[in-house]
Amino acid sequence: MQIAIFGSYGQGNIGDEAIADGLAHVFNQAIPGSDLILFSHLDPTLKDTHPQYKSIEPMIATGWRSLWRQFASGTFRKTTKIIKESDWVVIGGGGIFHDQEVGQHGFSPLFIWWIRTVYFGLLGKRIALAAVGVGPIKNKLSDSWLKGILKRASIITVRDEQSQNILKSLTTKEVIVVPDPVWGLFTNSSKSPEPSTTLGINIRENHRFSPAEMDQKLTTAINQIKEKLIIKRIQLIPFALNNPDDRDTMKPMINTLKEHTQLPVELVIPENTVQAFELVSKCDYFIATRFHSYIFAQSADVPCQLLSYSSKTDEITKYAKVDYLVQQKNAIQFWHDHLTQVD
């Protein structure tokens, strides 16, 4: 079986790259021997960081100039051939269905995904939505695009109940909640002796808290942690290096944290998911805002405090790690049963 996977890959986000690895991990268990094709935004490092995939192909362009270049170079023709030869087109996972997100520019993501599903439909392909996050959605036109996406999808899975409720209001099709594919991707590694006790922090720009409010929440969290643990250093670990860029949010915090804690503070930038997990796993405590930074900490069994910035992170603490791992095993069986079904 050949599966073509589309999402927000190759844009400098550690969480998205972990999703790509997680989907490969899940599908390889669900249907051993499958050929997995990942479509990304042309990050040249992806071929090295995603060895589970048969090939890494350029994402379908959405701008007129880039689309014309794909036509002229033959890339679009190759993409069409790959999709035609695939048994399934999978869209996901992650919070890709929204119309109001920090750093969002240009066309609405929902409009772009609607266009892509029209293209997939014209090619006669079966579409599966894999553990997607939905929202925020503010524009009524977005509902129409989302309905069009759901109309063409044969399998609809989301990663949280709020996303499920949104989609249930737009379709009569079954909407299944499955865990984010990153759960179960990493396993705890034993810590090597460290000369200092490390507090890891990931902070991102968001709509819920102003910079001053986030500073106050972070200060309160650090004070609470210092009551339990002797902290000797702080590491700021960005998970997104593009639009939005966590470094832009975290760099201005360095001097403030140094002044408040009287501790050394450094910004450590992981190059890939493996490095990010190693950094998080070596921490003795972690403060997370990004969805997947929390999953990394939980996967490494590092005590973690979540500063929830949105509805999607509100729900992530609903279950413990062990519960998510059980749900992931069930999801693997779900994908086996549904991807092997015959029309």
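The values are calculated or read from the model by the stated rules, or taken from the named source; none is laboratory data. Not measured: the values here are computed from a predicted model. Glycine also receives a Cβ, built like all others from the backbone with ideal geometry; neighbour counts cover every protein chain displayed. The protein model used for the area step is the full one, side chains on, heavy atoms only, and it has no ligands, DNA or RNA in it. Shrake-Rupley method; radii C 1.70, N 1.55, O 1.52, S 1.80 Å.
Here are some notes:
- Dipole magnitude of segment 123-244 about its Cα centre (Cβ charges: Lys, Arg +1; Asp, Glu -1), debye to nearest 20: 400 debye
- Built amide H within the under 5 Å cut-off of THR197, gap 5+: LYS232, ARG233
- Simple Cβ-charge dipole of segment 217-343, Lys/Arg +1 and Asp/Glu -1, about Cα centre, in debye nearest 20: 500 debye
- Average accessible area per residue (Å²) across the chain - probe 1.4 Å, nucleic acids and ligands excluded: 46 Å²
- Fraction of accessible area attributable to carbon and sulfur, the chain (%, probe 1.4 Å): 52 percent
- Value of [θ]222 nm, deg cm²/dmol, for the chain, DSSP H segments ≥ 4, -39500 (n - 2.57) each, nearest 500: -13000 deg cm²/dmol
- Hydrophobic long helices, here whole DSSP H runs in the chain with Kyte-Doolittle means of at least 1.0 and Cα atoms spread over 27 Å or more along the helix axis, are not found.
- Using C-alpha pairs under 8 Å with a sequence gap of at least 6, the mean separation divided by the residue count of the chain gives a relative contact order of 18 percent.
- Relative to the current alpha-carbon distance between HIS260 and THR62, full extension at 0.36 nm per residue lengthens the span by 66.7 nm.
- Among beta bridges identified by DSSP and lying wholly in segment 142-293, the antiparallel ones come to about 10 percent.
- Treating r as the C-beta distance of LEU325 and LEU123 and R0 as 41 Å, the FRET efficiency rounds to 0.70.
- Charge dipole of the chain (Cα centre as origin; +1 on each Lys and Arg Cβ, -1 on each Asp and Glu Cβ, all else neutral): 760 debye, rounded to the nearest 20.
- In plain terms, the chain from ARG69 to GLN341 could stretch by 94.2 nm, reckoned as 0.36 nm per residue minus the Cα-Cα distance.
- DSSP beta bridges fully contained in the chain are about 5 percent antiparallel.
- A simple spin-label model places pseudo-atoms 7 Å from Cα toward Cβ; at GLU161 and ASP143 they are separated by 2.3 nm.
- Checking [x] 119; [y] 174; [z] 136 against volume of the Cα convex hull per residue in Å³ calculated from these atoms, the matching label is [z].
- Average Cα contact separation per residue, segment 19-163, under 8 Å, 6 or more apart, as relative contact order %: 19 percent
- Alpha-carbon spread of segment 1-89, three principal axes, descending order, Å: 39, 29, 18
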